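Q: This is the structure, below, for whatever I ask next.
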Amino acid sequence: MDTWTADIWNDNEEECKKTLNELGNWEKVPLLFDDNITLGSFVRFKGMIQDMLNPEYYSSSFTIINSENEELASRQAKYHSSTKNVQPGEEIVFGKTLMERQIIACIPIPGLNEWAKDEANINQNVEAQLEDNMNKRIRLDPACQKYSKEIFIFVYPEDVDTNELKVNQIVEVVGFLDRRTIQEDNENVQEQSSIAKETHCIHAVQLKLLKTLISDIEETNNSIWNEASNIHAELKLVLTQALLGDSLVADYLLFYLVSTTYNRQHNLVPGKLSLNIRGIPESIGKNYTKLLYSLISYLVVKSEYLPIQIHTLNNMNMTPRKCYNSNRLLNGFLQLSDRTHLVLDETDLQPGNLDNKGMLNLEALKNIISNQQMKYDFTYYGMDYETQIPVLTLSIGKSILPYDIDIVLKPDPSCSDIEETMKSVNDYLKSQLPLLDKLRKYIAIISTFPFNYDEDILKVIENDYVEMRKADPKNVSGDDLHRFMMISRLIALCSGKNEFNKEIWESGKSLENQRNLRNK
């Protein structure tokens, strides 16, 4: 495969596809930024779709005519963006059949944590060692490569269903390396010109849409599911210590980490759980929140930390913006792929005034938290894009942002040395690598398992809700019912159960009652 070219693929497509799709061969394709990779090489790449450009048309074939001996040579134009190696005395005649290809711009996966990059490499290096005797080469995971600019991917509709491609998806691509001159927005906003630059592009022959960067192996998933109750207990123990001995807040932080939206309908986003942990002592706020985020980033695949301050809101580019000079969508901080955990830190928020940009950024955060949507700025209009970004807000008082659930932190007085407490949590995890691996996989996949609602338990829930409404009609609403059901569902899944029972339902109500009593 290292010697494949676009012409070889075009002439032997079925045979090449068969070879590529044999077990383990995909991982042996050279990476885009491997040493000594030349134009036209067969390469592999992984990134997030940041923008989808207008399709372009190309001639499906061309003929090279030698003016000296009038010899004709036919070539296929697919997987090429220019005619190369044309000699003096040769003329190019393009065919009349036009084909279409979609262009997508990809960037490094935002928020991808260092351990997730290392994990991918460790897994592939182990395979490499196992196959050393057969002289097979496994390369590093492409998500770990460092590059600063976007990569353009040419996608051919006859090879890939382009209707499935969406902004913010993570894709892994194999194809042929090329270069393309593109127009970039001038960084000087006073100048309305754009700058022409050359950048890498890949002509994709195959493309995978990745829902998770955790290896999706059925045996591993089943093992996590079967051990879910024990893993849940271990994770709660770790989080309780990290939350300074507060086991109730640990329950809700655990639910936040594993939650995921499902079955989105209209403006309803079932499964969404935005959490506000408040009451963080002012004396420890800033240092503690950074240490807590560091632990979260050590457990989840993708995460971003954002201190909420007046100057941050007034100066950051949070939402994507369309530049009509370069005809490109410019990236914003909040343009993130699904299941990127966003941690907002309000503990250092000081009084001040938001300007127009700050107000728009604040609205963008509110929209993600409340509706899991973000409005992209197309200058003359805005367009809503669906997101799936779990949001955790850490604050001293009540958050200025909306939330689904808020809970007051009550530290154990014995946890007085914050740095020592957090260090002991990290040391414990580093000393228990097999357990750490299970915790990470558990967080990534546990809420994705199927869940059933038995008719009998639904009847119990209905009767319970009616009684609660009778007892307190002013303070019990449909939102409370949704929250009770969401918490109970997470309790079940976290314990490796895929359906409700009365005991789980009562546990969910009990947790909510404890939280409400504490908050009062």
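The values are calculated or read from the model by the stated rules, or taken from the named source; none is laboratory data. Predicted, not measured: the structure shown is a model, and the values here were computed from it. Heads up, the Cβs are rebuilt from the backbone with ideal geometry, glycines too, and the neighbour counts pull from every protein chain shown. The area values use the complete protein model at the heavy-atom level, side chains included, leaving out ligands, DNA and RNA. Shrake-Rupley method; radii C 1.70, N 1.55, O 1.52, S 1.80 Å.
Q: Less than 30 Å apart at the alpha-carbon level, and either on another chain or at least 8 residues along: which lysines does that give for K18?
A: Result set, ordered by chain and number: K28, K46, K78, K84, K117, K136, K166, K208, K211.
Q: Give the relative contact order (percent, whole number) for region 1-78; include only Cα pairs under 8 Å separated by 6+ residues. Could you put the intermediate results ahead of the total?
A: Numbers: 60 pairs, mean separation 21.5, N = 78.
Relative CO of region 1-78 lands at 28 percent.
Q: While we're on this one: When ligands, DNA and RNA are left out and all protein chains stay put, how many square angstrom of accessible area per residue does region 324-397 have with a 1.4 Å probe?
A: Details: 3170 Å² over 74 residues.
Roughly 43 Å² per residue, with all protein chains present.
Q: For n ≥ 4 DSSP H runs only, could you compute -39500 (n - 2.57) per run for the chain, divide by its residues and tell me the 222 nm figure to the nearest 500?
A: -11000 deg cm²/dmol
Q: Residue by residue through region 18-27, what is 3J(HN,Hα) from phi via Karplus (6.51 cos²θ - 1.76 cosθ + 1.60, θ = phi - 60°)? Round to whole Hz and write x for glycine and proline.
A: Residue by residue, region 18-27 yields 4, 5, 4, 8, 5, 3, x, 6, 4, 5 Hz.
Q: Once you keep just the Cα pairs under 8 angstrom separated by 6 or more residues, what percentage relative contact order results for the chain? Can you show the working numbers first?
A: Numbers: 897 pairs, mean separation 72.2, N = 520.
Here the relative contact order equals 14 percent.
Q: Could you tell me how many degrees, from 0 to 90 and to the nearest 10, lie between the Cα long axis of helix 418-431 and the main elongation axis, the longest principal axis, of the Cα atoms of the chain?
A: 60
Q: Measure off, as a whole percent, the carbon and sulfur share of the 1.4 Å-probe accessible area of region 258-389, all protein chains present.
A: 48
Q: About its Cα centre, what dipole magnitude does the chain give when the only charges are +1 on Lys and Arg Cβ and -1 on Asp and Glu Cβ, stated in debye to the nearest 20?
A: Numbers: 55 positive and 76 negative charges, 294 e Å.
Using only the charged Cβ atoms, the result is roughly 1420 debye.
Q: Now, a different point. Can you list the lysines whose alpha carbon sits under 25 Å from that of K474, skipping same-chain ones fewer than 8 residues off?
A: Those lysines meeting the cut-off are K272, K398, K459, K509, K520.
Q: Using only the alpha-carbon atoms, how far is helix 285-299 inclined from the longest principal axis of the chain? Give it as 0 to 90 degrees, nearest 10.
A: The angle comes out at about 60 degrees.
Q: How tilted is helix 502-519 with respect to the longest principal axis of the chain? Cα atoms for both, answer in degrees (0 to 90, nearest 10).
A: 80
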